[in-house]
Structures are given as structure tokens and as C-alpha cells.
Amino acid sequence: MENGSRKIVIVDDDRALRDRLQQVLEKAGYTVAQAPSGLRLLSLLEVDRPDLVLLDVAMSWIDGFELCRALKANRSYRAIPVVFISGRSADHDVQTGLGCGAAGYFIKPLDTQALLERVNELLTAPIAATH
């Protein structure tokens, strides 16, 4: 499967960061959508299911940890990998993020090459059954 048929949603209230990540991911061949909030992500999930979600922790309405827990609790969305992109770098934040089901946690300012490598790993790995 080509990267272009793999969809990624970037959920972050920082438009400049979303735009920069979209450029990096599209250059790598992915289809990218942006959501400035968790609420917008929820509407995107219904319309155009992504293959991966890049998710900020600190957002209005619902924080990324709660949103990740909600996705992982939902049978329809639990198999979608979530990777956190956050300015929160304390060990307990990283552990909380991974503990709520995320497949990765990257601290801002982002190492976009390392992030892209993790995205590639997640989207090219064989799909495991999750029950």
C-alpha cells in the first residue's frame, strides 16, 4: 500500500505546527488532514477515518490523554494508532500518554525525522488483531 492512501490526522491547536507537520508527512507521501481540537477530530472520524492520529496533549475542551482513552475505549476506533506530540516532557506525562494506549510520545520541539520514522513503522507494520 502506498503512503498516499494512508491518512493521518494532526490534532493540535498550533496551526503553524500542524502546517509544518503536514508538509513533512505529505512529502513522505501521506494524505493529511488537520484538526485544531479534539471536537474536530471526532467529526473527522465519522467522515474520513484516519489510519493514524498525531495528538497534542494540551488542548481546549478535552485534553489529549482523555481523548486517547476515549478512542481506545471505542470499538470502532481503538485500532487506530495514536502518537502524542506534546510540550509536556515530564516522565509522568510520557507514562500517562503511553498508559492510555498511545503508540508513541514525542516532545516539542519535534524531531520530525524520528516522528516520521515512527509513523512509517506504525503504518507499514502488519495489522495485529486487537480484542
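Only the coordinates and a few stated rules stand behind these numbers; no lab work does. Being a predicted model, the structure only gives us computed values, none of them experimental. Cβ: placed from backbone, ideal geometry, glycine included. Neighbour counts: every protein chain shown.
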Legend entry - the range 27-131 - percent relative contact order, Cα under 8 Å, separation 6 or more: 23
Inset, instruction - Rounded to whole Å and sorted largest first, list the principal axis extents of the Cα atoms in the range 3-124. - result: 33, 30, 26
Inset, instruction - Mind checking which of VAL24, ILE62, SER5 is farthest towards the positive end of the chain's charge dipole, using Cβ charges of +1 (Lys, Arg) and -1 (Asp, Glu) about the Cα centre? - result: SER5
Legend entry - Where chymotrypsin sites (Phe, Trp or Tyr not before Pro) fall in DSSP loop in the range 62-131, at most 12 other Cβ within 10 Å: none
Legend entry - Positive minus negative residues near ARG88 (Lys, Arg vs Asp, Glu; Cβ under 11 Å): -3
Legend entry - Exposure proxy ranking, count of Cβ atoms within 10 Å, fewest first, for ILE62, ILE85: ILE62, ILE85
Legend entry - In the range 38-88, the trypsin sites (Lys or Arg not before Pro) that fall in loop regions by DSSP, at most 16 other Cβ within 10 Å: ARG75, ARG78
Inset, instruction - Mark the label point 7 Å from the Cα of SER5 along Cα→Cβ and return the residues of the range 44-66 whose backbone N is within less than 16 Å of it. - result: 49-52
Legend entry - the chain: calculated mean residue ellipticity at 222 nm from DSSP helix runs of at least 4, using -39500 (n - 2.57): -12500 deg cm²/dmol
Inset, instruction - Within the range 1-77, list the GluC sites (Glu not before Pro) lying in a DSSP loop whose Cβ has at most 13 other Cβ atoms in a 10 Å radius. - result: GLU2
Legend entry - Choice from VAL53, VAL24, VAL82 showing the highest fluctuation, given a GNM over the chain with Cα pairs closer than 10 Å: VAL24
Inset, instruction - Would you pull out the residues with amide H under 5 Å of PHE84's amide H, same chain only if 5 or more places away, H placed 1.01 Å from N? - result: LEU55, ALA103, GLY104, TYR105, PHE106
